[in-house]
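Where a number appears in this text, it was derived from the coordinates with a stated rule and is not lab data. Remember, it's a predicted structure, so these values are computed and weren't measured experimentally. Quick reminder, even Gly has a Cβ in these numbers, built from the backbone with ideal geometry, and neighbours come from all protein chains shown.
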Amino acid sequence: MELETFLKVVKKVLSTLFEKDSFLIKNNTHEKSISHKIAFYLENELRNFLEENNYSIDIEYNRYLEDPKRSKELDDNLIIPDIIIHKRWENNENSNFAVFEVK
């Protein structure tokens, strides 16, 4: 998927979030609630792409195969992405499609 196409999907998902779930944002709901809704809308919008490319969308996913997920860029610290689009059981340059940090 081209970056421009993906960014259009993200923009649509965020518009849907603000339209349908503005309560979560206006009332300072925990970011996990908001992350869940974003992941839900992303999955709906990207269903065919995910299935065709064997990607999954997870929230708070903290595994790298059977081990905790770590970042070399962050001095090997544990990382827990808020939302990740990835291939759960692969480890190559195409394993992670997108990672979101929600604040």
From the cross-link list Lys12/Lys37; Lys26/Lys103; Lys8/Lys37; Lys11/Lys87; Lys12/Lys87, which pairs have alpha carbons spaced over 19 Å apart? Lys11/Lys87; Lys12/Lys87
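What is the calculated FRET efficiency for Ser33 to Lys8, with r their C-beta to C-beta distance and R₀ = 35 Å, to the nearest 0.05?
Numbers: r = 25 Å, r/R0 = 0.71.
For Ser33 and Lys8, the calculated efficiency is 0.90.
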